[in-house]
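Notes follow once the structure below has been shown.
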Amino acid sequence: MTALVAAGVTLGILRLQSRTNPQQVNLRSGVTISEESAVIQVAARAKPAVVSVVTQEQPSVTRGSGFLVTSDGYIVTAVSVISGASKMTVLVTGDANLHVARLVDYDCQTGVAVLKIDQVNGLPTLVFADPTALAQGQVVVAVGGPLDGSAVTPGYVSSLHRPAVVTESGTQRSVEISDTVQTTTAIGAGTAGGPLLNVGGQVVGVAMQSQGSNAPTGFGLNVADIVDDVQQILSTGQVVVSSLGATSTDMTQQAAALAGLPEGSQLITVDKGGPADAAGLQPGDVITQLDDVKLDAAHPLRLLLRSRFRPDQRVAVTYSRAGASTQVQLTLAGQHPVCA
């Protein structure tokens, strides 16, 4: 009886509270939801420029997406979509023809690839957003190619500058991308390689599937990391990046603290006769700064070498060895990005 009385009293209080709170929810038809409208408009504008990329037809279709960046058929996608493919076929929205695509060039360290289909013109295109405008919490929209019904999946940017592991579809090799845009956007295999768009319809990243049980729903290659690669490929047909002549692994602030090392990039191997070797750098050294730029999650070494420095440029390298910080000068080499 006491429990029933208590329940009755609680219910009475809730009813009293509801009567004294005059707020109402307006559910009339015709109410405009600005965010939803923006997503619909972005999807409608983007769909014609998003393509499907088929890399295997039998025994089952293996496909991803990509997007047109020039009206004569240059397509941006992800290395993981086309890795190991001996043949690539592109389906363009609204076009019944199948287009044979060729790989122009790629950068397996940033995860981006550029394809080309020939004998086309006047195709719709997408443009890149300002890399500095991307912010945690903003709305992003993933759009897939026509083979996936031009699937539209909105979400939010949940985190920036996070490492992520991607499995290349053709080789099943796992590759770590050091700087990604993590999102709540649901991204399937067919949507991977397609654009991640802001509400203005500009590309902020290349959509990718997440890997591992603790990973977020999806993520994207950061436009800040890939735009230079794409511009190089369109201009010269290949990617050439500045290099120290060494391989390294990024040390996040947390990982570095656990290892008792400074945040930066730890050298794994040093090429004999290369710039790092000539400057006296050794495996185990942790590079902490290039010129006046400190290495951190937002400025990992490999991406900093692409965005800030050029081959044959003289640079001051600050590094840590056995707890002591030292600075040396060296001249950067130029090379095609090396796949680990």
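Looking across Ala49, Ala85, Ala78, Ala44, one residue alone is surrounded by fewer than 17 Cβ atoms within 10 Å (Cβ to Cβ) and in the same structural domain as Asp225 (by TED's automatic domain parsing). It is Ala44.
Here's the yes/no breakdown for (1) modelled with pLDDT under 90; (2) surrounded by 24 or more Cβ atoms within 10 Å (Cβ to Cβ); (3) part of a loop (DSSP other than H, G, I, E, B):
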position: Val165; (1), (2), (3): yes, no, no
position: Gly170; (1), (2), (3): yes, no, yes
position: Val175; (1), (2), (3): yes, no, no
position: Gly188; (1), (2), (3): yes, no, yes
position: Ala192; (1), (2), (3): no, yes, yes
position: Leu196; (1), (2), (3): no, yes, no
position: Gly201; (1), (2), (3): no, no, yes
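Listed by first and then second residue, the pairs linking a residue in region 305-319 that is assigned by TED's automatic domain parsing to the domain that holds Asp277 to a residue that is modelled with pLDDT under 95 and among the aromatic types (Phe, Trp, Tyr), with Cβ atoms under 8 Å apart and 6 or more places separating them unless they lie on different chains, are Val315/Phe309.
Among residues of region 96-110 that are among the hydrophobic types (A, V, I, L, M, F, W, C) and surrounded by fewer than 20 Cβ atoms within 10 Å (Cβ to Cβ), those with a Cβ under 9 angstrom from a residue that is modelled with pLDDT of 90 or more and assigned to a loop (DSSP other than H, G, I, E, B), sequence gap 6+ or separate chain, pair up as Val100/Lys87; Val100/Asp118; Val104/Gly237; Val104/Gln238.
Restricting attention to region 293-332, the residues that are farther than 18 Å from Pro283 by Cβ and either in a loop (DSSP other than H, G, I, E, B) or of a type outside the set (Ser, Thr, Tyr) (or both) add up to 23. Of note, Gly190 does not satisfy the criterion of being among the small types (Gly, Ala, Ser) and out of contact with any strand residue (DSSP E or B) (no Cβ under 7 Å at 6 or more places or on another chain). Answer with yes or no whether Asp277 is part of a helix (DSSP H, G or I) and under 29 Å from Tyr106 (Cβ atoms). Yes. The number of residues in region 52-75 being crowded, with 24+ Cβ neighbours inside 10 Å, out of contact with any helix residue (DSSP H, G or I) (no Cβ under 6 Å at 6 or more places or on another chain) and of a type in the set (Val, Ile, Thr) comes to 1. Condition first: part of a helix (DSSP H, G or I) and exposed (fewer than 15 other Cβ atoms within 10 Å of the Cβ). Now tell me which residues in region 235-256 satisfy that. Matches in region 235-256: Ser235, Thr236, Gln253, Gln254, Ala255.
Might you let me know whether region 277-287 holds any residue that is touching a residue at least 12 places away in the same chain (Cβ under 8 Å) and under 30 Å from Leu115 (Cα atoms)? For region 277-287, residues touching a residue at least 12 places away in the same chain (Cβ under 8 Å) and under 30 Å from Leu115 (Cα atoms): absent.
Okay, residues lined up against (1) of a type in the set (Val, Ile, Thr); (2) assigned by TED's automatic domain parsing to the domain that holds Thr184; (3) touching a strand residue (DSSP E or B) at 6+ places or on another chain (Cβ under 9 Å):
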position	(1), (2), (3)
Lys116	no, yes, yes
Asn121	no, yes, no
Thr125	yes, yes, yes
Leu134	no, yes, yes
Gly137	no, yes, yes
Val141	yes, yes, yes
Gly145	no, yes, yes
Asp148	no, yes, yes
Thr153	yes, yes, yes
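Of the residues screened, Ala85 is one that is touching a residue at least 60 places away in the same chain (Cβ under 8 Å) and farther than 20 Å from Ile187 by Cα.
The values are calculated or read from the model by the stated rules, or taken from the named source; none is laboratory data. Here the structure is a predicted model, which means the values were calculated and not measured. Here the Cβ is made from the backbone with ideal geometry for all residues, glycine too, and neighbour counts use every protein chain on show.
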